[in-house]
Amino acid sequence: MENIKNIKKIDIHAHGTAFPQYLPSKEWVGRFCSGEETIAFYDKLNIEKGVLLPVSSPEAFVSPMTSENCKYITTLYPDRFLWFCNVDPRALTNEPNADLKQLLVHYKKLGALGVGEVTAQIYADDPKLDNLFGCCEELDMPVLIHITPKFGGGYGIVDDLGLPRIEKMLKKHPNLKLIGHSQPFWAEISADLTEDKRNDFPKGKVTEGRVVELMCKYPNLYCDLSAGSGANAMMRDEEFAMKFFAEFRDRILYGCDICDVSNTHPFMFNDWLNKMVEEEKLPVDIYRKIVRENAIRLLKLEEK
């Protein structure tokens, strides 16, 4: 069996700040890692590079991370980071006909490979978000979204139990590559989900739910295994996870979502993935797709 240590990972979900010294103190509010701090994680996790995701909405963090911030970090560490841009769907005029395309074209010319993490607190089928999705579809820029179950008390685009609004957008924009993420996305992996558990990390055996249904129905839906949400959805039911990996092997993306130097979730999930390969439950070719090749194909990177 191939030694998986020779397979360098690509982290689809990274954050970072180029200027940690200017952010609020950690005692008051957590801050994103610097480039150096994130690279220290990567060296331990066998990650070649990560995709930096700006967070532009004020609901998510006290000091949003800009597209320019992420672009700057990639200039400091070009071998370790790629980047997405982020355009809030309410930008420019806060109207559904705002010319967001001009902003996206600007960032794409600078090297942005996609858009996200989209965290604005508006409905998933709000006309303003529909406008952003349409622009991204036209420009062939993948979009990574964070879903939340309600307005207030958090961040992310809002959808109902069963993700009907996300489905509406997937159907309307068949060429939009949408990457699902967050607790309310991954909790939908099981059909027994109830409204009060949508923002949790459910445990126990999985009965195929809406995420599986949507992945089957819409080939433009991808998923991001980062943070406790994606990792938990897989680790809660090993048998289901291996089936899920096999069925959707071409649209599953490895990610970390490291936000602070104290984070430990990437190591737990990394150990579990390695264990699945070592026990020959997860074929190496599928592992390679998930941790590396799918990102290369989706982002049109040139494989070495």
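A few notes on this one:
- For the stretch 51-209, DSSP calls about 15 percent of its internal beta bridges antiparallel.
- Rounded to 0.05, the FRET efficiency of the Gln21 and Asn263 pair, given R0 = 22 Å and the Cβ-Cβ distance, is 0.60.
- Radius of gyration, Dmax [the stretch 1-118; alpha carbons; angstrom]: 15.8, 56
- Its Cα gyration tensor gives the stretch 43-192 an equivalent ellipsoid; the semi-axes, largest first and in whole Å, are 24, 19, 15.
- DSSP-defined antiparallel bridges as percent of all bridges, the stretch 132-253, nearest 5: 10 percent
- Distance from the Cα centroid of the stretch 147-204 to that of the stretch 29-85 is 24 Å (rounded to whole angstrom).
- Spin-label proximity, Asp250 to the stretch 284-302 - amide N less than 17 Å from point 7 Å beyond Cα toward beta carbon: 285-301
- Each of the peptides 95-104, 217-226 was scored by the mean count of other Cβ atoms within 10 Å over its residues; in descending order, highest first, they stand as 217-226, 95-104.
- The per residue volume of the convex hull around the alpha-carbon atoms of the stretch 157-304 is 122 Å³.
- Under the criterion of Cα pairs below 8 Å and six or more residues apart, the relative contact order for the chain equals 17 percent.
- Most positive-pole-ward Cα, Cys33, Phe61, Ala91, against dipole of the stretch 16-110 from beta carbon charges: Ala91
- Restricting attention to the chain, close to 10% of DSSP beta bridges with both partner residues there are antiparallel.
- Residues Met276, Met268, Met169 arranged by fewest to most Cβ contacts within 10 Å: Met268, Met276, Met169
- Modelled label positions at Asn175 and Lys281, each set 7 Å beyond Cα in the direction of Cβ, lie 4.1 nm from each other.
- Over the chain: helical MRE at 222 nm, DSSP H runs n ≥ 4 each giving -39500 (n - 2.57), nearest 500: -10000 deg cm²/dmol
- Hull shadow area, averaged, the stretch 142-220 [alpha-carbon convex hull, nm²]: 5.0 nm²
- Mean-square fluctuations from a GNM of the chain, with a 10 angstrom spring cutoff on Cα atoms, peak among Lys44, Lys281, Lys243 at Lys44.
- The stretch 214-294 shape via C-alpha gyration tensor axes, a/c threshold 1.5: oblate
- In terms of packing, defined here as the mean over residues of other Cβ atoms within 10 angstrom, the peptides 71-84, 178-191 line up highest first as 178-191, 71-84.
Coordinate-derived values only; no laboratory data. Owing to the predicted nature of the structure, the values given are computational and were not obtained by experimental measurement. With ideal geometry, Cβ positions are generated from the backbone for all residues, glycine too; neighbour counts draw on all protein chains shown.
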